[in-house]
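Step one of this worksheet: look at the structure below.
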Amino acid sequence: MVSWQLVIFRPDRVIALANLSVYYSPRNPNGSMVTLMRKYSGGKHYMCKFQLAGEVEARIHKVTYDGFLRHVFSQKFDPMPDWSKAFEEKGALPEWVSEEDLAYYVSEFQKHGFTPAINYYRSLDLSWELTAAWANSKVMVPTIFMIGDKDLAFIFPNAKDHIEGMSKHVPHLKKTIILEDAGHFLQAERAESVNDHILQFFKSFQLEI
């Protein structure tokens, strides 16, 4: 979402964009993502739950930072969980996350907690208000988009229709790549394939340094 907005705000600073996992969705006049998710889920969606300051932090603290990250990386994350049991289920780490990787992430989050990261979601309403001037803007740089077919963003209702129609708002969309049996963390899950697609895309530009 941030990279889409960067290109809209400052297209003069971006030559080309390779975006992963989150398809482009123009600013909805009916409200922010939180507002829309609240209507869709009755407030059960994790983005809605994240608005409650302190509650999600307490939940993560209860399952421990290690347990929460294992839950996320083992792809047990439920976007509309039973909050009394949220983040408890976890499986084995996938091959693209080592125990050393996990220990590093835990140590980094222990420095400041999860609040700074969760505050991104808590600012979505404000971000929606501040971006009114760009409501009808299009992404006007050459772009490729990659997403995994197991990604929660891909299997969300109507997501495939949005992806298929994305060129309406991203007129210079050169390619959409759907990676099989891949989830949300493409840069880790399919690192070689992602790198290959990006390099092939960027090689089509003659850059002056």
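Model label points for residue 92 and residue 105, set 7 angstrom from Cα along the Cα-to-Cβ axis, are 1.8 nm apart.
Hey, can you find the accessible area per residue of segment 114-192 for me, probe 1.4 Å, expressed in square angstrom? Mind showing how you got there, number by number?
Values: 4470 Å² over 79 residues.
Per-residue accessible area for segment 114-192 comes out at 57 Å².
Rounded to the nearest 10 degrees, what's the angle between the helix 99-112 long axis and the longest principal axis of the chain, both from Cα atoms, 0 to 90? The angle comes out at about 80 degrees. Only helices enter the 222 nm calculation for the chain: every DSSP H run of n ≥ 4 contributes -39,500 (n - 2.57), and dividing by all residues gives -12000 deg cm²/dmol, rounded to 500.
Using 0.36 nm per residue, how much length does the chain from residue 80 to residue 200 gain when fully extended, once their Cα-Cα distance is taken away? Write out the running numbers ahead of the final one.
Details: separation 120, 0.36 × 120 = 43.20 nm, distance 3.76 nm.
Going from the current span to full extension adds 39.4 nm.
Computed from backbone phi, the HN-Hα couplings of segment 133-147 come to 5, 10, 4, 10, 6, 10, 7, 10, 10, x, 9, 10, 10, 10, 8 Hz, rounded to whole numbers (Karplus: 6.51 cos²θ - 1.76 cosθ + 1.60, θ = phi - 60°; Gly and Pro given as x).
Taken over the Cα atoms of segment 24-152, the convex hull encloses 148 Å³ per residue. Between the C-alpha center of segment 4-27 and that of segment 116-166 there is a gap of 9 Å. Full extension of the chain between residue 131 and residue 30 gives 35.0 nm of extra length, using 0.36 nm per residue less the Cα-Cα distance. The packing ranking of peptides 5-18, 155-168, highest mean first, is 5-18, 155-168, where packing means the average number of other beta carbon atoms within 10 angstrom of each residue.
Report the gain in length on full extension from residue 188 to residue 22: 0.36 nm times residue separation, minus Cα-Cα distance, nm rounded to one decimal. Don't skip to the answer; put the middle values down first.
Values: separation 166, 0.36 × 166 = 59.76 nm, distance 1.55 nm.
Here the segment from residue 188 to residue 22 would lengthen by 58.2 nm.
Counting only heavy atoms of the protein chains, get the accessible area per residue of segment 51-111 (1.4 Å probe) and round it to a whole Å² value. Show your work: numbers first, answer last.
Numbers: 3640 Å² over 61 residues.
Per residue, segment 51-111 has 60 Å² of solvent-accessible surface.
Return the carbon/sulfur percentage of the accessible area of the chain, one whole number, probe 1.4 Å, all protein chains in place.
Values: 6670 of 12440 Å².
Roughly 54 percent, rounded to a whole number.
What figure, in Å² to the nearest 10, do you get for the accessible area of residue 134 with a 1.4 Å probe and non-protein molecules left out? My reading of the accessible area for residue 134 is about 100 Å².
The values are calculated or read from the model by the stated rules, or taken from the named source; none is laboratory data. Just so it is clear, the structure is predicted and the values come from calculations on it, not from any experiment. Positions of Cβ are backbone-derived with ideal geometry, glycine not excepted, and every protein chain shown enters the neighbour counts. Quick note on the areas: whole protein, heavy atoms, side chains included, nothing else; ligands and nucleic acids left out. Shrake-Rupley method; radii C 1.70, N 1.55, O 1.52, S 1.80 Å.
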